[in-house]
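Taking it in order: structure first as structure tokens, then the write-up.
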Amino acid sequence: MELQHHQSPMDVFRPKKRSNVVCRIFDRQISSGASGTSVRYTRRFYENVVPDYTIYEVECPDQIYRKFTDDGQYLICFSRNHQDLIVYRPTWLSYSCKEDCNTNDLPPKAKKFESFFSQLYCVSLASSNDLICKDFFLYTGSNQFGIFATSTAQIHDALPVGGAVQGVPSIEKITFHLLRLEDGVVLDQKSFQNDFINLAHNMGVFLYDDLLAIVSLRYQTIHILQIRDSGNLVDVRSIGTFCREDDQLFLTSNTQTDLHQGQPSSDYCFLSGIKQRLLSFIFRGIWNEESDQSSRVQLLKKKFYFHFQDYVDLIIWKVQFLDRHHLLIKFGSVDGVVSRNVDHHRSFFAVYNMETTEIVAFYQNSADELYLLFEQFGDHFHATSRNSLYLNFTSSHSNNMHAREQLRSNKNKASSSSASSQFVKKVLASLPFSCQSESPSPYFDQSLFKFDEKSISPMDRHRPSPDQHIKFCLRRKPKVLKFKMKPGPEAGSVDNRTKKISSFLFHPFLPLALSIQQSMSLQPSVLNIHFRK
Amino acid sequence: MTTPSAPSLASSSRWASTTSVSSSGKRIHREMVELNIDPPPDCCAGPKGDNLYHWIATVFGPPGTPYHGGIYFLDITFPSDYPFKPPKVVFTTRIYHCNVDSNGNLSLEMLKDSWSPALTITKLLLAIRSIFTRPDPYNPLVPSIARLYLEDKAKYDELASEWTLRFAK
């Protein structure tokens with residue numbers, strides 16, 4: 001019996017786990033993993049079943065390949081002209097042929113997109129003057145609804161009318177479409193006029209269970225909507241100028257009697273509901289820091305009143321749910337929203353309880369305390385809906401030893417105090433999380449596979465196309481290369497001058513992935529299918 | 001709680017500089033020192049950014065009043081001929097009060113005809129704080145609230161505390 005160096009003393013008494021798939025099936029019949037680890041134990045079979053075969057340059061429709069839904073039921077695509085939604089059902093490769101079935105290679109007829117995917121429908125979402133936002137898509141696993149967005153062109157120098165924030169661009173109309181993915185029927189729509197919602201990578205919208213939080217950057221309002229099983233989008237509340245859903249009604253019904261005063265109340269002289277909560281939380285915190293009256297006044301003068309206007313000028317950048325009641329809100333300056341390089345801007349995080357309308361916590365983006373919370377309890381920030389089974393296995397530094405080691409080693413490299421503060425800012429820049437931006441594929445499970453995170457990651461992003469194959473090695477012994485994949489033509493590209501970008505779409509549980517390579521020129525993209533033959 | 005440091009240095013170009021040697025500036029500065037040495041209870045104030053003429057005041061809603069539990073922010077603007085002219089005080093937190101109009105303007109006898117150059121920021125803060133405990137319904141800005149205060153105090157208290165809960169937390 002050979003012992004591995006990382007085995008615990010208890011493992012001495014267990015037979016060594018064999019990695020051959022036949023042995024594993026036999027082992028499965030006679031033993032099981034430690035209690036509570038059965039899913040993890042079963043997932044090890046993925047070490048044997050990998051997408052190690054590639055069909056290069058698959059004959060496929062020229063369209064935008066967006067995403068597999070997290071339950072693996074649908075492949076979402078958009079037409080090149082950003083008008084239509086095209087939905088496919090992933091089917092496992094099936095083909096029939098009369099002769100030559102015994103050869104190792106697939107017949108050319110099988111090497112088609114249609115052998116793997118069957119089109120369910122194609123529906124038009126956009127109208128004459130708006131387009132589908134190809135970077136936006138959310139999926140509710142429980143009732144298989146999809147949320148899509150269409151928008152008109154962006155106006156950069158929009159006038160800040162009606163209480164809008166100056167410096168934030170405007171979009172004439174943004175429409176969210178709620179679709180039943182089973183048959184492509186549009187169930188409901190919700191439009192925002194002359195507003196700005198950050199739709200890229202789902203940044204401005206967060207879905208949690210049946211609750212949707214939409215951040216209007218222009219009007220500084222968090223719209224909370226509920227997706228009913230009946231297929232309706234219902235306004236629950238909006239947080240911004242007011243905190244409770246009936247605050248405005250309460251105010252108008254209470255001040256109506258004073259209308260004879262002539263001047264109707266203008267909202268802009270008062271602090272908004274969320275700012276009042278934020279400022280009073282900060283004020284209370286500093287007040288309680290010091291008990292001596294005179295030093296307290298000094299402290300407040302320096303830490304609160306001096307920066308009062310800066311706090312008032314903060315705007316809501318991004319929001320995520322932590323649970324059904326708590327929102328994690330990122331505040332920053334207007335410049336930070338428009339500029340691409342967000343890391344350099346100072347920003348703040350607040351935890352807000354929608355029910356009690358209280359700020360629960362407030363941190364700066366370089367706060368060690370928040371970083372430590374994030375390091376230890378990272379999964380609490382990954383608020384996933386209850387129904388998404390596979391998402392529980394997305395690797396993070398809180399649930400995965402290897403991811404944690406990576407984070408710690410990066411942290412130790414940043415040893416000086418200024419580097420450490422930069423490191424904290426960099427890590428916290430991922431908060432609040434973008435909704436549904438990580439692939440739950442087991443091939444990204446860091447307890448199973450090791451891969452170069454610079455060239456591939458579960459994050460849903462385009463990257464510069466790699467020249468080399470991307471390698472996936474076993475995390476456990478014998479740590480050998482299990483499979484490799486490469487976007488683009490098999491022989492490499494003839495033209496090395498044009499910059500190419502690639503993206504990977506992994507099926508959530510099948511050994512199936514698509515790689516799409518695009519060049520900046522107008523050539524159609526190259527699609528490779530990676531699967532287990 | 002860890003107090004985060006401020007977002008950015010307040011821009012100095014927006015307001016007059018602290019180094020102003022005018023007599024009103026000197027006077028405000030002296031009153032600031034006075035306030036720092038002997039601050040009144042449950043309220044506080046300080047210059048916004050580096051502008052001595054624009055202050056923010058904060059008042060805790062006093063216990064025993066329907067304003068209890070609320071934190072009220074006020075803008076105080078000093079005229080350039082202070083202390084010969086009174087400062088202007090505006091609530092930036094919504095409040096249900098017969099001496100505060102629907103735009104937040106505060107009406108105090110002290111800030112009008114009874115203003116005297118002998119009054120200071122500390123005394124002003126005390127006066128602001130006293131309107132929470134003793135509203136003046138006989139010189140109201142909002143007559144309907146003043147009427148309710150005189151006729152049905154219980155209903156007034158109920159409404160005022162509802163406002164506190166909704167808008168001043």
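Throughout, read-outs are computed from the coordinates displayed, never taken from laboratory work. Remember, predicted model here, so these are calculated numbers, not experimental data. FYI the Cβ positions are ideal-geometry reconstructions off the backbone, even for glycines, and counts take in every protein chain you see.
Sorted fewest first by neighbouring Cβ atoms within 10 angstrom, A:182, B:151 come out as B:151, A:182.
At an R0 of 51 angstrom, the distance between the Cβ atoms of residue A:410 and residue B:138 translates into a FRET efficiency of 0.15. Taking 0.36 nm per residue of separation and subtracting the current Cα-Cα distance, fully stretching the chain between residue A:396 and residue A:360 would add 10.5 nm. For the range B:138-146, the Karplus equation 6.51 cos²θ - 1.76 cosθ + 1.60, evaluated at θ = phi - 60°, returns couplings of 8, 10, x, 8, 10, x, 5, 5, 4 Hz by residue, with Gly and Pro reported as x. Inter-label distance, residue A:325 to residue A:294: 4.4 nm, where each label sits 7 Å from its Cα along the C-beta direction.
Filter the trypsin sites (Lys or Arg not before Pro) in the range A:33-85 to those in DSSP coil with at most 16 other Cβ atoms within 10 Å of their Cβ, and list the result. Those satisfying the criteria are A:80. When the alpha carbon coordinates of the range B:80-127 are projected onto the principal axes, the ranges are 30, 21, 18 Å, largest first. Could I have the simple spin-label model distance between residue A:379 and residue B:81, label points 7 Å from Cα toward Cβ, reported in nm to one decimal? Once both label points are built, they end up 7.1 nm from each other.
Counting only alpha carbon atoms, the long axis of helix B:153-167 and the longest principal axis of chain B meet at about 50°. With the helix formula -39500 (n - 2.57) applied to DSSP H stretches of n ≥ 4, chain A reaches a computed 222 nm mean residue ellipticity of -5000 deg cm²/dmol.
A Cα-only calculation for chain B places Rg and Dmax at 16.9, 52 Å.
Couplings 3J(HN,Hα) of the range A:442-455, computed from phi: x, 6, 9, 6, 6, 7, 9, 10, 10, 8, 7, 5, 6, 9 Hz, in residue order, whole Hz [Karplus 6.51 cos²θ - 1.76 cosθ + 1.60, θ = phi - 60°; x for Gly and Pro]. Take each residue in A:305-317, count the other chain C-beta atoms within 10 Å of its C-beta, and the mean is 6. Note on residue A:520 and residue A:229: with the Förster distance fixed at 56 Å, the Cβ-Cβ geometry gives a FRET efficiency of about 0.80.
For residue B:48, the amide hydrogen comes within under 5 Å of the amide hydrogens of B:54, B:55, B:56, counting only partners 5 or more places away or on other chains and with H modelled in the peptide plane. Multiplying each eigenvalue of the alpha-carbon gyration tensor of the protein assembly as shown by 5 and taking the square root yields semi-axes of 59, 29, 23 Å, largest first, rounded to whole angstroms.
Remark: mean inter-chain Cβ contacts per residue of A:270-279 equal 5, using a 10 Å Cβ-Cβ cutoff to other protein chain atoms. Look at B:100, A:165 and count the other Cβ atoms within 10 Å of each Cβ; fewest to most, that gives A:165, B:100. As a rough guide to protection, the peptides A:307-315, A:438-446 ranked by mean Cβ packing within 10 Å, highest first, stand as A:438-446, A:307-315. Our coupling estimate for the range B:123-134, obtained by passing each phi through the Karplus curve with A = 6.51, B = -1.76, C = 1.60 and θ = phi - 60°, is 5, 4, 4, 4, 5, 4, 5, 6, 5, 6, 7, 10 Hz, Gly and Pro reported as x.
FRET efficiency for the pair residue A:193 and residue A:249, taken as 1/(1 + (r/R0)^6) with r the Cβ-Cβ distance and R0 = 25 Å, rounds to 0.70. In the range B:64-148, inverting the average of 1/r over every pair of distinct C-alpha atoms gives 13.5 Å as the Kirkwood radius. Counting every other Cβ atom within 10 Å of each residue's Cβ, A:328, A:481, B:52 order from fewest to most as A:481, A:328, B:52.
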